[in-house]
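What follows is a short report on a single structure.
The values are calculated or read from the model by the stated rules, or taken from the named source; none is laboratory data. Fair warning: this is a prediction, and the values are worked out from it, not measured in the lab. Here the Cβ positions follow ideal geometry from the backbone for every residue, glycine too, while neighbour counts run over all protein chains shown.
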Amino acid sequence: MRTLNAQPRRTVRRDGMALVLALGAIVVIGAVVAGGFYVATRDVRTGRMTTAQERAQLRAEHALNLAREQMESKKPQIATDGGMLVYVTAGNAIVTRLNRDAYQISVALNEKANGGADRSNRRVSMLVVRRVPEMTFPGALTVRGTTQIGGNTEIDGTDQNPSGWDCPPAGDSKPGIVTPSLGDLKTSGGGCDNFDCVSGEPHVLPSADAAKDETYFQYGNMTWAELVTYARKITPGTYTQIEPVLRADGSCNTTLDANWGDPIKGGASTACENYYPMIYVPGNLKLTGNYGQGVLLVEGDLTVEGAFKFYGPVIVRGHLATQGTGGHFNGGVMAANVDFETNQALGDATINYSSCAIATALTNSSPMLPVRQRSWAEMF
C-alpha cells in the first residue's frame, strides 16, 4: 500500500565525471611517460659521460707512457716553472724533475660528451726514475788476456772533456791501461816501446780486478744480462758509415740502425746532439767509418778501422782489435776477452778517458722506469 506522505525518489546526476577521470588518467600517464623519458635521457647522458671518462682516462695513460718513451729516446724541450726544472713533451705532458734521477710526469686531458655540453676531465701522474747503471771504468783501457799494442797507438787515462760538450771540470786521472798482469801486455814497435804511447796515473796498472768477471759485467745491482735488455738498438754485422741522419722536417731520424747520434756539438746535425742510444750487438761488430755516441755493448768481438770515433762507454765481451787508421774512443773501453784471444791496439788507435762522456751517455741512454710502489696516481 502506498504511503500518502512518501516523497518520490530523486536520481543524482553526475555530469562530467568521466571527463575528469579521463583527464586525471592522461595527467598520470603523461607524468609517467615524462619521468621515464627523463630517466632514459639521464641514463644516456650518464652513459656518454662514462664513456668519455674512460676515453679521457685511456688517452691520459697513453700520454704518460708516450712521455716516458720520449724521455728515454731524446732530451725533451726544457722550460722553467718557479725555478724548478720542467720538461714539456709531445702530448702536453709535463715532466718535473724531482731530483737527479726521479721525475713526475703529469697529464691533464678532457673529452667532450653529449654534443659538447659536458666534458670529462682527467689528470693523472706517474713517478719514474732513471735507472743509471753504476758503471766503473778502472782505466782508459781495461783488458784481460794477452794484449798487443803498437803502431801510433795513444792510450791516455787523463780525464778529458770532449770539445763542445757541456761538462763539469775534468776529474782525476785514471791509469792508461789496467790489466791483470804486466806480462799480458806486448808491444810491437812504433812509439809504444816501454809503453811510451800510454799516459795516465800510472801509465799501466796491474790489478787483480781486471781478471774478475764482475768488473766487466756487474754494474751496481744490474747485470750484463739485464743491461742489454734496455738497449734501443740491436745492430750486428758490419757498418761502413755510422753518422747522424735527419728527416725531411729537420728532426733526428733515430729509427736508422746506423744513426748513433751526433757527438760533434754545434755541427750540421744539431737535432741529433742529444740522442745517445744504448747499442747492443749480439755477435761480432766491425766498424769502418765516421762517428757516434752512446753506450756500446758488444757480445762478440769488436773490430775498428777507418778512423771511426765513438764517445761514451764501450764494453766488449770478446776481444778488441783496431787496425789501419784504427779507432778513436772518448770515454772508456773494457774488453773482457772471454775467449782469451789476443786484443790488439794497433795502427792509429786512440783511447782517451773521459768521465763526462761516460756519465753523459749513461744518463741519457738509461731507461725511465715507474717506481715499484705507487707509481701511478689520479689527481683531482
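Observations on the model:
- Restricting segment 126-135 to residues that are part of a loop (DSSP other than H, G, I, E, B) and in contact with a Ser or Thr (Cβ under 8 Å, 6 or more places away or on another chain), the residue that is surrounded by the fewest Cβ atoms within 10 Å (Cβ to Cβ): R131
- Test: residue in segment 176-194 that is modelled with pLDDT under 90, crowded, with 18+ Cβ neighbours inside 10 Å and part of a loop (DSSP other than H, G, I, E, B): yes
- Neighbours by Cβ (under 6 Å, 6+ apart or cross-chain): first from segment 45-66, polar (S, T, N, Q); second buried (at least 16 other Cβ atoms within 10 Å of the Cβ): Q53/S120; Q57/R122
- Here is the figure for segment 195-249: residues that are at positive phi and either outside the structural domain of E273 (by TED's automatic domain parsing) or under 20 Å from the mean Cα position of the chain (by Cα) (or both) total 1.
- Checking each residue in segment 284-301 for being farther than 21 Å from T360 by Cβ, in contact with a Ser or Thr (Cβ under 9 Å, 6 or more places away or on another chain) and in a loop (DSSP other than H, G, I, E, B) picks out N284, T288, G289.
- Selection status of N65, exposed (fewer than 10 other Cβ atoms within 10 Å of the Cβ), under 20 Å from L127 (Cα atoms) and modelled with pLDDT of 75 or more: no
- Test: G347 is under 18 Å from I177 (Cβ atoms), part of a loop (DSSP other than H, G, I, E, B) and at pLDDT below 95: yes
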